[in-house]
Amino acid sequence: MFLWFTPVSKYAVALAFVVAVLDVIPMIGATLGAVIVSAIAFATDVKTGIICVIFYVIYQQFENYVIYPRVMSRSVDLPGAVIVIAALVGSALLGVVGALLAIPAAAAVLLIIREVVVKRQDER
(Lines give C-alpha, C1' and ligand atoms only; values in the text may rest on other atoms or scores of the structure.)
Protein backbone atom coordinates (compact mmCIF):
# COMPACT_ATOMS: atom_id res chain seq x y z
CA MET A 1 0.00 0.00 0.00
CA PHE A 2 2.85 2.36 0.80
CA LEU A 3 4.35 2.08 -2.66
CA TRP A 4 1.11 3.16 -4.36
CA PHE A 5 1.64 6.66 -2.98
CA THR A 6 5.24 7.01 -4.19
CA PRO A 7 6.71 7.63 -7.65
CA VAL A 8 7.57 3.91 -7.90
CA SER A 9 3.88 3.02 -8.04
CA LYS A 10 4.45 1.48 -11.48
CA TYR A 11 6.44 -1.27 -9.82
CA ALA A 12 4.38 -1.52 -6.62
CA VAL A 13 2.92 -4.97 -7.27
CA ALA A 14 6.24 -6.49 -8.37
CA LEU A 15 8.11 -4.99 -5.43
CA ALA A 16 5.41 -6.09 -2.99
CA PHE A 17 5.76 -9.62 -4.34
CA VAL A 18 9.54 -9.50 -3.85
CA VAL A 19 9.10 -8.27 -0.27
CA ALA A 20 6.47 -10.96 0.43
CA VAL A 21 8.73 -13.74 -0.86
CA LEU A 22 11.76 -12.48 1.05
CA ASP A 23 9.72 -11.93 4.23
CA VAL A 24 9.41 -15.71 4.51
CA ILE A 25 13.05 -15.76 5.64
CA PRO A 26 12.94 -15.18 9.41
CA MET A 27 14.63 -12.11 10.93
CA ILE A 28 16.49 -10.94 7.79
CA GLY A 29 13.96 -11.35 4.99
CA ALA A 30 12.21 -8.05 5.61
CA THR A 31 15.58 -6.29 5.65
CA LEU A 32 16.55 -7.80 2.30
CA GLY A 33 13.22 -6.74 0.82
CA ALA A 34 13.61 -3.24 2.23
CA VAL A 35 17.08 -2.91 0.74
CA ILE A 36 15.84 -3.92 -2.71
CA VAL A 37 12.82 -1.60 -2.62
CA SER A 38 14.87 1.29 -1.24
CA ALA A 39 17.55 0.81 -3.89
CA ILE A 40 14.94 0.99 -6.64
CA ALA A 41 13.37 4.03 -4.97
CA PHE A 42 16.77 5.75 -4.76
CA ALA A 43 17.29 5.01 -8.46
CA THR A 44 13.98 6.75 -9.16
CA ASP A 45 14.41 9.76 -6.86
CA VAL A 46 16.57 10.52 -3.82
CA LYS A 47 13.62 11.95 -1.87
CA THR A 48 11.58 8.80 -2.55
CA GLY A 49 14.50 6.65 -1.45
CA ILE A 50 14.80 8.48 1.85
CA ILE A 51 11.05 8.17 2.45
CA CYS A 52 11.25 4.42 1.71
CA VAL A 53 14.14 3.95 4.13
CA ILE A 54 12.24 5.79 6.89
CA PHE A 55 9.08 3.78 6.23
CA TYR A 56 10.89 0.44 6.26
CA VAL A 57 12.81 1.23 9.44
CA ILE A 58 9.54 1.99 11.23
CA TYR A 59 7.84 -1.05 9.67
CA GLN A 60 10.65 -3.41 10.65
CA GLN A 61 10.76 -2.14 14.22
CA PHE A 62 7.02 -2.74 14.54
CA GLU A 63 7.28 -6.18 12.98
CA ASN A 64 10.35 -7.29 14.94
CA TYR A 65 9.19 -6.12 18.36
CA VAL A 66 5.39 -6.49 18.16
CA ILE A 67 4.26 -8.96 15.50
CA TYR A 68 7.17 -11.44 15.34
CA PRO A 69 7.32 -12.19 19.11
CA ARG A 70 3.56 -12.84 19.20
CA VAL A 71 3.69 -15.22 16.24
CA MET A 72 6.74 -17.04 17.59
CA SER A 73 5.33 -17.25 21.10
CA ARG A 74 2.33 -19.13 19.73
CA SER A 75 4.30 -21.37 17.39
CA VAL A 76 7.18 -22.35 19.70
CA ASP A 77 5.48 -21.70 23.06
CA LEU A 78 7.99 -19.11 24.24
CA PRO A 79 7.23 -15.82 25.97
CA GLY A 80 7.68 -12.75 23.75
CA ALA A 81 10.40 -11.27 25.96
CA VAL A 82 12.46 -14.46 25.68
CA ILE A 83 12.19 -14.33 21.89
CA VAL A 84 13.34 -10.71 21.67
CA ILE A 85 16.22 -11.27 24.11
CA ALA A 86 17.30 -14.49 22.38
CA ALA A 87 17.27 -12.79 18.97
CA LEU A 88 19.30 -9.84 20.27
CA VAL A 89 21.85 -12.04 22.03
CA GLY A 90 22.11 -14.44 19.08
CA SER A 91 22.65 -11.66 16.57
CA ALA A 92 25.21 -9.99 18.85
CA LEU A 93 27.19 -13.21 19.26
CA LEU A 94 26.98 -14.78 15.80
CA GLY A 95 25.44 -12.16 13.52
CA VAL A 96 22.83 -13.31 11.02
CA VAL A 97 23.38 -17.00 11.75
CA GLY A 98 22.98 -16.36 15.47
CA ALA A 99 19.72 -14.51 14.89
CA LEU A 100 18.39 -17.46 12.89
CA LEU A 101 19.47 -20.02 15.49
CA ALA A 102 18.55 -18.02 18.59
CA ILE A 103 14.85 -18.87 18.81
CA PRO A 104 15.22 -22.65 18.35
CA ALA A 105 18.08 -22.61 20.86
CA ALA A 106 15.99 -20.65 23.37
CA ALA A 107 13.10 -23.08 22.87
CA ALA A 108 15.44 -26.02 23.48
CA VAL A 109 16.86 -24.48 26.66
CA LEU A 110 13.40 -23.66 27.98
CA LEU A 111 12.18 -27.18 27.19
CA ILE A 112 15.11 -28.71 29.07
CA ILE A 113 14.43 -26.45 32.04
CA ARG A 114 10.73 -27.32 32.06
CA GLU A 115 11.11 -31.06 31.54
CA VAL A 116 14.28 -31.85 33.50
CA VAL A 117 15.07 -29.23 36.10
CA VAL A 118 11.54 -28.44 37.24
CA LYS A 119 10.51 -32.12 37.36
CA ARG A 120 13.54 -33.01 39.47
CA GLN A 121 12.73 -30.20 41.88
CA ASP A 122 9.13 -31.42 42.09
CA GLU A 123 10.33 -34.93 42.98
CA ARG A 124 12.26 -33.63 45.98
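The values are calculated or read from the model by the stated rules, or taken from the named source; none is laboratory data. Since the structure is predicted, the reported quantities are computational estimates derived from the model, not experimental observations. Glycine also receives a Cβ, built like all others from the backbone with ideal geometry; neighbour counts cover every protein chain displayed. Ligands, DNA and RNA are excluded from the accessible area calculation, which covers all protein heavy atoms including side chains. Shrake-Rupley method; radii C 1.70, N 1.55, O 1.52, S 1.80 Å.
Values as computed for the structure displayed
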{"quantity": "Hits in region 7-38 - residues which are open to solvent by 20 Å² or more (accessible area, probe 1.4 Å) and of a type in the set (S, T, N, Q)", "calculated": "9, 31"}
{"quantity": "Selected residue (only one of 120, 114, 74 is of a type in the set (D, E, K, R), assigned to a helix (DSSP H, G or I) and surrounded by 11 or more Cβ atoms within 10 Å (Cβ to Cβ))", "calculated": "114"}
{"quantity": "Residue 85, sole failed condition from (1) in contact (Cβ under 8 Å) with a residue 24 or more places away in the chain; (2) over 25 Å from residue 13 (Cβ atoms); (3) of a type in the set (A, V, I, L, M)", "calculated": "(1)"}
{"quantity": "Which numbered condition residue 65 fails, given (1) open to solvent by 80 Å² or more (accessible area, probe 1.4 Å); (2) modelled with pLDDT of 85 or more; (3) of a type in the set (Ser, Thr, Tyr)", "calculated": "(2)"}
{"quantity": "Identity of the residue in region 42-53, more than 22 Å from the chain's Cα centre (by Cα), within 16 Å of residue 2 (Cα to Cα) and of a type outside the set (D, E, K, R), that ends up most open to solvent (accessible area, probe 1.4 Å)", "calculated": "42"}
